[in-house]
Amino acid sequence: TPSLYVVATPLGNLQDISPRAVAVLGSVAAVAAEDTRHSQRLLDAFGIRARLIALHEHNEQSAAGQVLRLLEEGGSVALISDAGTPAVSDPGARAVARVRAAGFPVVAVPGPCAAVAALSISGLGERGFRFVGFLPPKRAARRTAIEALRGDPDALVFYEAPHRVSECVEDLAGVLESGRRLLIARELTKLHEQSVVLPLEEAAAWLATDPNRVRGEFVLVLEGAPPGEGLDAEAERVLALLLAELP
Ligand code: SAM
């Protein structure tokens, strides 16, 4: 049956592509890619000849229509993004939903994902995690968004751009209580890969020590709220009243 394959591609190190991903990309009628020039280089590296169609945030509806027509004609399609897993802080979710609504199978060809890679080397994800992705780029909105995450006991996973990572870390430290551990991971699987876990309040200083430390692509993983932080003031007031009634 014609299917949409959602295929994860490397974050940087080409050896991270799976044999199954190579096989699928080489066998479909078309590969829908976020940036076709970028993806052409990936396909070339594996000697894959495929028809590429552009599917990015600005044309996702019309591109999804193109994908559907191919499926209706009996051809399978693969969806990839510039790096990692498509439709995770990347285009693709709307196309996936439309393909599902039309009744075609959607099949995962799993592999690299920056969020999961960072979580796996953080030592902070034992209890569970919450994937936040990108925080708002403007400071006030970002602080409000962080405030809303305050009580979450799960580890929080953020994506951040290099020109905003220092500001983001400052806001996390400004809004949340100190003592939480933070993983800063950059350039995962690449030449200048680096990762460190340190107390949240020391993170901004660590980044400021060396200009190289704010270069590249970043994932932040923040330890979840300490017990008790999840209760807002009203809940604490009610709890205190109830506790006072206990024998
Ligand atoms: N869908 C992708 C995934 O599953 O990994 C993520 C796409 S999102 C548009 C790009 C962000 O992912 C970057 O800004 C960065 O936060 C993170 N990222 C991607 N590659 C990375 C790498 N090699 N090292 C660290 N972070 C990376």
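The values are calculated or read from the model by the stated rules, or taken from the named source; none is laboratory data. All values derive from a computational prediction rather than experimental measurement. Note that each Cβ is placed from the backbone with ideal geometry, even for glycine, and that neighbours are counted across all protein chains shown.
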Quiz item: Would a scan of the stretch 89-104 turn up a residue that is surrounded by 18 or more Cβ atoms within 10 Å (Cβ to Cβ), charged (D, E, K, R) and in contact (Cβ under 8 Å) with a residue 40 or more places away in the chain?
Solution: yes
Practice problem: Can you confirm whether the stretch 56-68 contains a residue that is modelled with pLDDT under 95, surrounded by 13 or more Cβ atoms within 10 Å (Cβ to Cβ) and farther than 23 Å from residue 1 by Cβ? | Solution: no
Exercise. Taking only the stretch 74-90 into account, find how many residues are touching a strand residue (DSSP E or B) at 6+ places or on another chain (Cβ under 7 Å) and of a type in the set (Val, Ile, Thr).
Key: 2
Practice problem: Go through 122, 178, 195 for me and flag whichever is closer than 24 Å to residue 10 by Cβ, more than 11 Å from the ligand (Cβ to nearest atom), in contact with a strand residue (DSSP E or B) (Cβ under 9 Å, 6 or more places away or on another chain) and not hydrophobic (A, V, I, L, M, F, W, C). | Solution: 122
Self-check item: the stretch 85-140: number of residues that are hydrophobic (A, V, I, L, M, F, W, C) and under 24 Å from residue 182 (Cβ atoms)
Solution: 16
Practice problem: Sort out which residues of the stretch 110-124 are over 23 Å from residue 227 (Cα atoms) and assigned to a helix (DSSP H, G or I), and write them in order of number. | Solution: 114, 115, 116, 117, 118
Quiz item: Conditions: (1) within 16 Å of the ligand (Cβ to nearest atom); (2) of a type outside the set (Ser, Thr, Tyr); (3) more than 15 Å from the chain's Cα centre (by Cα). Residue 82 meets all but one. Number of the miss?
Solution: (3)
Quiz item: In the stretch 15-63, what residues are within 19 Å of residue 91 (Cα to Cα) and touching a residue at least 40 places away in the same chain (Cβ under 8 Å)?
Solution: 21, 25, 30, 31, 32, 33, 34, 35, 38, 39, 55
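Could you check the stretch 198-228 and list, in sequence order, the residues that are touching a strand residue (DSSP E or B) at 6+ places or on another chain (Cβ under 8 Å) and either more than 16 Å from the ligand (Cβ to nearest atom) or modelled with pLDDT under 95 (or both)? I'd like the intermediate steps shown before the answer.
Of the stretch 198-228, the ones touching a strand residue (DSSP E or B) at 6+ places or on another chain (Cβ under 8 Å) are 198-200, 203, 206-207, 213, 215-224.
Answer for the stretch 198-228, where residues must be touching a strand residue (DSSP E or B) at 6+ places or on another chain (Cβ under 8 Å) and either more than 16 Å from the ligand (Cβ to nearest atom) or modelled with pLDDT under 95 (or both): 198, 199, 200, 206, 223, 224.
Of all residues in the stretch 125-144, which are within 16 Å of the ligand (Cβ to nearest atom) and not in a strand (DSSP E or B)?
Selection gives 125, 135, 136, 137, 142.
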Quiz item: Does residue 114 satisfy the criteria of being among the aliphatic types (A, V, I, L, M), within 16 Å of the ligand (Cβ to nearest atom), exposed (fewer than 15 other Cβ atoms within 10 Å of the Cβ) and closer than 25 Å to residue 37 by Cβ?
Solution: no
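Please enumerate the residues belonging to the stretch 85-97 that are over 12 Å from the mean Cα position of the chain (by Cα) and either at positive phi or not hydrophobic (A, V, I, L, M, F, W, C) (or both).
Correct list: 92, 94.
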Exercise. Within the stretch 37-49, identify whether any single residue is more than 23 Å from residue 187 (Cβ to Cβ), of a type in the set (Gly, Ala, Ser), in contact with a Leu (Cβ under 7 Å, 6 or more places away or on another chain) and within 16 Å of the ligand (Cβ to nearest atom), and answer yes or no.
Key: no
